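Below you'll find the structure, written out as structure tokens, and then a few comments.
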Amino acid sequence: MNFEIISEFKNIEIIAIGNSIREINRLIKFYGEGRWRKMKGFATIKLLDETIINAEIHWYEAHGIGKKDIKIKRFITNEWRLK
């Protein structure tokens, strides 16, 4: 990850479950069997250059395995703050 999540996730939604996930075979191969879900939510993040911004985050998770492949989908605001 090239960023750090510095707040709790907000407005969490399930995007896809199980076989609806395009990458389900890769997830099972690398992380194991589980009830995989593709999720999205919003959080405040800190980038490598210490910039803090709100972003939409996507990830996969399964019970007992946890959050995997966390990625930024888009930045929410143009108000950039340097720490």
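Any idea how many residues of the range 6-22 are on the phi < 0 side of the Ramachandran plot, touching a strand residue (DSSP E or B) at 6+ places or on another chain (Cβ under 7 Å) and either in a strand (DSSP E or B) or surrounded by fewer than 10 Cβ atoms within 10 Å (Cβ to Cβ) (or both)?
7
Of all the residues that make up the range 23-56, how many are under 19 Å from LYS73 (Cβ atoms), exposed (fewer than 13 other Cβ atoms within 10 Å of the Cβ) and at pLDDT 95 or above?
Looking only at that region, the number is 1.
Considering (1) surrounded by fewer than 11 Cβ atoms within 10 Å (Cβ to Cβ); (2) among the hydroxyl-bearing types (Ser, Thr, Tyr); (3) within 17 Å of the chain's Cα centre (by Cα), say which one THR77 fails and leave the rest.
With respect to (1) surrounded by fewer than 11 Cβ atoms within 10 Å (Cβ to Cβ); (2) among the hydroxyl-bearing types (Ser, Thr, Tyr); (3) within 17 Å of the chain's Cα centre (by Cα), THR77 is out only on (3).
Just to be sure before I move on: is ILE5 touching a His at 6+ places or on another chain (Cβ under 8 Å) and either aliphatic (A, V, I, L, M) or at pLDDT below 95 (or both) in the structure I sent? Walk me through how you get there before you give the answer.
Working: touching a His at 6+ places or on another chain (Cβ under 8 Å): no; either aliphatic (A, V, I, L, M) or at pLDDT below 95 (or both): yes.
Answer is no for this residue.
The values are calculated or read from the model by the stated rules, or taken from the named source; none is laboratory data. Bear in mind the structure is a predicted one, so any value in this text is a computation, not a measurement. Note that we place each Cβ from the backbone using ideal geometry, even for glycine, and neighbour counts take in every protein chain shown.
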